Amino acid sequence: MYMIEARNIYKSFGDLQVLKGISLAVKKGEVVAIIGPSGSGKSTLLRCLIHLEVIDRGSIIIEGQPMAYEDENGKTRYVPDKQIRQICKKIGMVFQNFNLFPHKTVLENIIEAPIVVNKVPKQEAVDMAEALLRRVGLIDKRDSYPSQLSGGQKQRVAIARALAMKPDIMLFDEPTSALDPELTGEVLKVMRDLAEDRMTMLVVTHEMGFAREVADRVIFMDGGEIIEEGLPGEIFCNPRSERTRSFLKQVL
Ligand code: ADP
Ligand code: MG
């Protein structure tokens, strides 16, 4: 069984076809990096997997549970909303721009969803949040507001907040690309630790070092399609496609 299975996903915005038949499958504990030029549909793909966008065609199966499927006439249908919410609770997502609540403290940011969505008792949520803040090295920022944090600290809080929902899968959408270069390391370190703990991760990234060293598999996307995928060593040292080669030449 795969943790994430997407088959033949199509997505358009108006006349613009952004995903053109994407299929991917991620196993438990696997770290998959998605690389590719800006505008190739990477964010849209992640957003479809967590139901922030509705797909036009294809199917999405999370931990064996269909979220979107093709019926006998080939028409794509979604399961009922309640089931979608249940399925998406298994997936945490970290965005490029942190998306923290600015008027809440670090601790309040982390305990909000566990209390409201998962009905975790407050003290239990606080204990868990504190443990997560220790894990990302920010327990001393417990009562700070997001505006008092650096970008790297904000992103580490965002990761802790996602983990507080106890996801089985974590999606990262260029988590370090809004950061000053000297702050990317602390965020990548947290992600490496997560990978070592065998979290299932799908990571859109421009950090080729991270993709090469941490990912089990690398997917190269361009123009709404998966152009090639393989082991990091294969993709980076011996890409099959000319498009992959010219992309890597620009970024490496
Ligand atoms: P990437 O993350 O690889 O840079 P995106 O998935 O963000 O690519 O975007 C792919 C294409 O889809 C881009 O041309 C972008 O402008 C377009 N796009 C993304 N989201 C929307 C939207 N909500 N409405 C219209 N166009 C969109
Ligand atoms: Mg993007």
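The values are calculated or read from the model by the stated rules, or taken from the named source; none is laboratory data. This structure is a prediction, so every number in the text was calculated from the model and none was measured. Reconstructed Cβ throughout: ideal geometry from the backbone, glycine too, with neighbour counts over all protein chains shown. SASA here: full protein model, heavy atoms, side chains in, ligands and nucleic acids out. Shrake-Rupley method; radii C 1.70, N 1.55, O 1.52, S 1.80 Å.
Multiply the residue gap between ASP15 and LEU252 by 0.36 nm, knock off their C-alpha separation, and tell me the result in nm, one decimal place.
Net length gain for the segment: 82.0 nm.
If I model a spin label at ARG198 and ARG85 as a point 7 Å from the Cα along the Cα→Cβ vector, what separation in nanometres do I get?
3.2 nm
At 1.4 Å probe size, with no ligands or nucleic acids counted, give the accessible surface of ASP71 in Å², nearest ten.
20 Å²
Show me, bin by bin at 10 Å from 0, the whole-percent P(r) of the chain based on Cα pairs.
Distribution as computed: 7, 30, 35, 22, 6, 0 percent.
Give the angle, between 0 and 90 degrees and rounded to the nearest 10, that separates the Cα long axis of helix 181-196 from the longest principal axis of the Cα atoms of the chain.
Tilt of helix 181-196: around 80 degrees.
Would you tally the net charge around PHE13, using a Cβ to Cβ cut-off of less than 15 Å, leaving PHE13 out, and scoring K and R as +1, D and E as -1?
Counting the neighbours of PHE13, the net charge comes to +2.
Accessible area, 1.4 Å probe, largest first: how do HIS206, HIS103, HIS51 sort?
Highest to lowest solvent-accessible surface, that is HIS103, HIS206, HIS51.
Using a 1.4 angstrom probe on the protein heavy atoms only, could you order SER144, SER246 from most to least accessible area?
The residues order as SER246, SER144, largest area first.
Relative to the compact-globule scaling 2.2 N^0.38 Å, provide the ratio for the alpha-carbon radius of gyration of the stretch 112-173.
Relative to the rule-of-thumb radius for its length, the stretch 112-173 sits at 1.10.
In debye to the nearest 20, how big a dipole does the chain give about its Cα centre with +1 on each Lys and Arg Cβ and -1 on each Asp and Glu Cβ?
Rounded to the nearest 20 debye, it is 320 debye.
Output the direction-averaged projected area (hull surface divided by four) of the convex hull of the alpha-carbon atoms of the stretch 22-129, in nm².
9.0 nm²
Can you give the calculated 222 nm mean residue ellipticity of the chain, where each DSSP H run of n ≥ 4 adds -39,500 (n - 2.57) and the sum is split over every residue, rounded to the nearest 500 deg cm²/dmol?
Value at 222 nm, helices only: -11000 deg cm²/dmol.
Give the angle, between 0 and 90 degrees and rounded to the nearest 10, that separates the Cα long axis of helix 242-251 from the longest principal axis of the Cα atoms of the chain.
So the helix axis and the longest Cα principal axis differ by about 30 degrees.
To the nearest 10 square angstrom, how much accessible area does TYR2 have with a 1.4 angstrom probe?
Using a 1.4 Å probe on the heavy atoms, I get roughly 90 Å².
State, to one decimal in nm, how far the label point of ASN99 lies from the label point of TYR2, with both points 7 Å from Cα in the Cβ direction.
Result for the modelled spin labels: 2.3 nm.
Go through the stretch 97-200 and name the GluC sites (Glu not before Pro) that are in a DSSP coil and have 10 or fewer other Cβ atoms within 10 Å of their Cβ.
Nothing satisfies the criteria.
Set the bar at 20 Å for Cα to Cα. Now go through LYS141/LYS189; LYS28/LYS154; LYS27/LYS89; LYS90/LYS141; LYS119/LYS166; LYS154/LYS249 and name every pair that lies beyond it.
LYS28/LYS154; LYS90/LYS141; LYS154/LYS249
Give me the percent of Cα-Cα pairs in the stretch 193-252 that sit more than 19 Å apart, rounded to a whole number.
Summing the P(r) of the stretch 193-252 above 19 Å gives 26 percent of all pairs.
If you roll a 1.4 Å probe over the stretch 1-62 with all protein chains in place, what percent of the accessible area is carbon or sulfur?
47 percent
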